[in-house]
Structure formats: C-alpha cells, structure tokens
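Trainee: Supplied in structure tokens, the structure appears directly below.
The numbers here are math on the coordinates, done by the rules we state, and not lab data. Keep in mind it's a predicted model, so treat the numbers as computed, not measured. Don't worry about glycine lacking a Cβ; one is built from the backbone with ideal geometry, like all the others, and counts go over all protein chains shown.
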Amino acid sequence: MRNPTSHRRTRKRLLYSVAALGAATGIGAAVTLAVGPAGAQPAAAVLDKRGSVLSHRAPGKTGALGVTFGFESETVHGIGYQNQIPLYDAAKGTTAEFWDNYVEELVTAGVDFVAVDTRGYRPGSAVPNDTGDPRALTGLVDAIKRGGYTRRLKIAALDDTVGSMTNKKNWTKHNTYGTVDPPFDMADATGTGEGGYQYLWDHDLRAYFQSIPDSMLYKVNGKPLIYLWSDNSPAFTNQGNGNSARLLGYVRSHARSEFDENPYLVVDNSWVQHDGAALSSVIDGADGWFGLTTPYTNQTYKGVTYGATLPGFYEPQHNMVIDPKHGRTLATNLKGTVNHSDRLTLVEGFADWQEGAALWRTEAAPYSKTQRDYPNQDINILRRYSRTPFPGNLVVQAETADAVHDTTPGNRRNVYRTDDLDTEPTTDKSGGWDVGSTATGEWEQWREVPMQGTENLKVRVATPRAHTRIRFVVDGIAGPVVSVPDTGGWQRWRTVDAGTFRFSKGTYHTVRLQIVTGGLNINWWQARRLTHP
C-alpha cells in the first residue's frame, strides 16, 4: 500500500485554545512547536516513564514468522462476515484495495512471509475459480509492489490439500462441490480413477509459480517454501507404499523443469505417518499443526524444528473452541514457538474469520463480538514476536486507530471503516487512505505501540488553511502543540515534526493524536528512533 521508509502518513484532530484543551483533557498546556525547515533539530524530548512491559521475541531467536492467508471470494469482497469483522470494510472497496490494505497490515505485523491458502482451480474455469485460486495472486503481487514492500514481505504457499485435490477432483469428475467422497486415491497418478497428480500440480501449484515472481518467493536455503496440509482419511486413501512420495516427487520435478525452482516442502505430520520412509528423500520438513489440547506444536524433522499455532478457534458445531483469552493465547503460543528457536513458525490464519482465527484488524466493537480487546491487538502481538519487535522507523496509518473521538456522527465518505472516523482515499504518493474533515477537539488513539529510547514523532498532513494545530499525548503526557502550515490543498502533503519523547527500554505505549485546531487531513504518523535506550 505504501512505503514507510520513503513516504510518511498521519491523521487528524482539533482545538480550543491550548489552555482550554489542557483543562478539558486534564493535561497541562504545552509549548507550541512551529514547523521548521527539513532536517531541523527536533525539540527537546518529553520524558515518558509510564509504558508497559510486554513479552516479545527473545534476543538471539532468529526463526522466521509467517501467517496463512485465505483469499476466497467472500473474504475479498466482504460478503457474509459473521464474526471477527475486519476494521477495513471490503464490501465498499475494490479487489486492489483489499490487497493494498492487507499488505499494509502484514507489513505492520512484521511477518517474514504470508503463506497463501492455495486450493487450485477447476480446469477451464475463469478467474477466480471459487476459493484459493492461485491465478488470483497477481493481485497480492501488485499490492506488494505498489507499497514498495518487495524486500520486506515475501510469499509462500500453504496448499490446502483437501481443497486442491479431493474437492477439485470431485467437482471435476462428479460435479459435486466441496465433497470428500469418494476420497482422493494417492495411488492413481493419471486420474483415470479417483486420483490424479494434475490436481496438485497442473491446476494448482503450477499457477502459483506462474503468478509469483521468483524474487518475491520466500525461500529457505534458497528453495521456495511450500507447506502441504493433511492427507488423512476420509479425504485421502492409499497414502502409503510410496504413493505420497511419488506425488510430491512429481511436484518437485515439474517445479524444477518448468520454473527452475526446487521447493522447500514442509508437510503436515500425517504425511510422515502414512509414507514416512519413502518421503524422507522428497520432503524437507514436517510440522505438527495444532489441536484443541495442543494450540501450538514444535515438530522436529531431520534435526530442524517447525512451529505451528493460531490465535484462537471457534467451530461450535463440532465442539471445537480454543479461547483467545484476550490475546494471551496467541502471545503464549508464539512464546512457545518463536522463542523455542523454531526455524519456521506458521500462524493460522490471517483472514480465517470463518473459524474464529483471524489476525487482521477487527472493527472497533466489544470483545464479545470481536474476541479482541482493541482492533490492532493481534497485529501488535505478531509484531512483538517478529524479528523487529521495536522497529526503528514505525509508520502508523491514520485510518487504523484503535479508538477515536469524532465530533460528527458517521464516516462522511463511507469508505474503509464503518464508525465515526472520516476516512477517504488519498492521492498522496504512498496511496491508501487518509483521515479528513477533522474538527477541533477530535482525537485518535493507538494502544501498545512499541517505542524505546528517544523517538522523533512526525505526521503527514495536508490542508489549505493556515494555523491548524495538532499534538501527541503519550501515556497521558503531552508533547508540544504543532502549528501546521498551509500546504496548498487538501491533498497537497507535507511531513511535519511533532516533537520527541524519551522512553524506557522495551516498553509499549498508548499514543493519542489530538486535533488542537481542526481543518487538516492526516495520512500517517511516524516514530523514528534517534537514540537507543
């Protein structure tokens, strides 16, 4: 969506007089900071010792962190959400905007890779073909390029074997959609019976490699990472006697001959249980996935440990429920995998709202509805266990606030989110959305923001008016009031210095951006570390 290293974003807010605002908020009046020339020395830092200490990745733990991502048509177009409704209102946006938003969320979470849930396609079908059609992944590729994130976010695959093989075989051969009867016959290579290697390769992983450029593939030891889900009954039969190994050997040989790619294959442990001896020369790793009593696993294969986990799960029809426990389940599970020194940790499932396992920003609604304490909670927890739990250059999009105070009811432009925050598309070079129609006295707030040492806060603003003003309040401590100059228009953007704060090492903070005097648009705000704690 946008490149935080070369572009900046910020938000919106309002004012009485400085003294009146201080009286209204209980915060003492702060000095006014005029916007100086580019490169000017920031004002003296405001000391903040009120942050929280939370668990995060332990020093020396270098394993990669990735998330699964379902992109079925109902998710992409915002149809039928029943729980964990996302903050981003996909029903009011384009497919390109869907990918732009979630690429920004994935980058904010700091994950190394997104393992897209591929489920193949029915031969002869148009794009997209139901759910998980890898031919639709060009949209993800384009969004990563638009945002300038090609070095920060890579793509892997999680092949949903039941969907790509058994379901697609039955849809093609029997015109029965979504069924596992008859099961997929691993002994049938050609598909003359109830199998066929073409369902996994020709109509699935081949399209994946066609859609994803080599430079954007996540690789382990130079090999593109592909996970394969279960091959258990009742969806599969004849998995032993070398049959599973021959199928994956077919995939590997064709990836090499057609794309010069040698996949790094990590299978669900069921494959090893069914055909382990034969598979040992074909696969690279195995994971234990997760279960109700084991919400995270560490599976060691060939001396390497692979982790798998999730934030929670909800499928009451089969009495399958894992309580997210206000984010504690996810944090505990990541501590048990990332901090266990697993080479790879895969988290289900960034967009899996159907099973209560979504990790995206949820709407600003009560916990009973979202199973999240605030919209960015799971993204923040993922970032805590990423390789950069305390980014030196943190960029926060204005439209993503956890809580807002807006003086007018409803979102005036009716895009991105459904509450009172007035969001709109931006023409800033970084793209995405901004917050507009700001009025005096409004504010936005984010929770558990990682900052340590001396951090310089900046805001990306646009306004045709002179003398609008903003300021940051962090953990209740006010920074300087910043006078924003006339930038030349509502979409003529400028980055302004909003002062500096000093924080204790390893601490997380509540950040409020106040509109002291309204009448400006805000794209994003940035915390850039000047000195370490």
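Trainee: Using a simple spin-label model with points 7 Å from Cα along the Cα→Cβ vector, what separation in nm is obtained for Thr95 and Ser281?
Mentor: It is 4.3 nm.
Trainee: Please go through the residue pairs Lys61/Lys325; Lys169/Lys219; Lys335/Lys369; Lys92/Lys458; Lys145/Lys219 and name each one whose alpha carbons sit more than 21 Å apart in this structure.
Mentor: On the way: Lys61/Lys325 25 Å; Lys169/Lys219 30 Å; Lys335/Lys369 26 Å; Lys92/Lys458 30 Å; Lys145/Lys219 18 Å.
Table pairs above 21 Å Cα-Cα are Lys61/Lys325; Lys169/Lys219; Lys335/Lys369; Lys92/Lys458.
Trainee: Fully extended, how many nm does the chain gain between Ser341 and Val127 (0.36 nm per residue separation, minus their Cα-Cα distance)?
Mentor: Values: separation 214, 0.36 × 214 = 77.04 nm, distance 3.99 nm.
Taking Ser341 through Val127 to full extension adds about 73.0 nm, to one decimal.
Trainee: Continuing with the same structure: In deg cm²/dmol, rounded to 500, what helix-only [θ] at 222 nm does the chain give when every DSSP H run of at least 4 residues adds -39500 (n - 2.57) and the total is split over its residues?
Mentor: On the way: 11 runs with 100 residues, N = 533.
It lands at -5500 deg cm²/dmol.
Trainee: Given 0.36 nm per residue, what is the gain on full extension from Asn83 to Glu258 after removing their alpha carbon distance, in nm?
Mentor: 58.8 nm
Trainee: Largest first and in whole Å, what are the equivalent-ellipsoid semi-axes of region 284-369 based on the Cα gyration tensor, each being the root of 5 times an eigenvalue?
Mentor: Values: eigenvalues 125, 37, 23 Å².
Whole-Å semi-axes of the equivalent ellipsoid: 25, 14, 11.
Trainee: When the Cα atoms of the chain are enclosed in a convex hull and the volume is divided per residue, what value in Å³ results? Present the calculation step by step, with values, prior to reporting the outcome.
Mentor: Numbers: hull volume 75.4 nm³, N = 533.
That works out to 141 Å³ per residue.
Trainee: Positive end of the charge dipole of region 65-384 (Lys, Arg +1 and Asp, Glu -1 on Cβ, about the Cα centre): tell me which of Gln82, Gly222, Phe350 has its Cα farthest that way.
Mentor: Gly222
Trainee: Return the long-range amide H neighbours of Thr68 (sequence gap of 5 or more, or a different chain), with a cut-off of under 5 Å between placed amide H atoms.
Mentor: Distant-sequence amide H within range of Thr68: Ala115, Val347, Glu348, Phe350.
Trainee: Give me the percent relative contact order of region 65-384, please, defined on Cα pairs under 8 angstrom at least 6 residues apart. Walk me through the numbers on the way to the answer.
Mentor: Working: 675 pairs, mean separation 62.7, N = 320.
Relative contact order here is 20 percent.
Trainee: Something else about it: Could you derive backbone 3J(HN,Hα) for region 447-462 from the dihedral phi with the Karplus parameters 6.51, -1.76 and 1.60 (θ = phi - 60°), listing whole Hz in sequence and x where the residue is Gly or Pro?
Mentor: Calculated HN-Hα couplings, in order: 10, 6, 8, x, 8, 8, x, 9, 10, 8, 9, 10, 9, 9, 10, 8 Hz.
Trainee: Something else about it: Tally Lys and Arg at +1 and Asp and Glu at -1 over the other residues with C-beta under 12 Å from the C-beta of Asn238: what net charge comes out?
Mentor: Net of charged neighbours comes to -4.
Trainee: Mind putting together the pair-distance distribution for region 462-533? All Cα pairs, 10 Å bins, whole percent per bin, short to long.
Mentor: Final binned percentages: 19, 48, 25, 9.
Trainee: Among His174, His56, His340, which comes first, second and so on when ranked by fewest other beta-carbon atoms within 10 Å? Please list the in-between numbers first.
Mentor: Working: His174 12, His56 21, His340 16.
Listed from fewest to most nearby Cβ atoms, that is His174, His340, His56.
Trainee: Can you list the aspartates and glutamates whose alpha carbon sits under 12 Å from that of Lys49, skipping same-chain ones fewer than 8 residues off?
Mentor: Asp475
Trainee: By count of other Cβ within 10 Å, fewest leading, how are Asp486, Asp231 ordered?
Mentor: Numbers: Asp486 15, Asp231 25.
The most exposed by this proxy come first: Asp486, Asp231.
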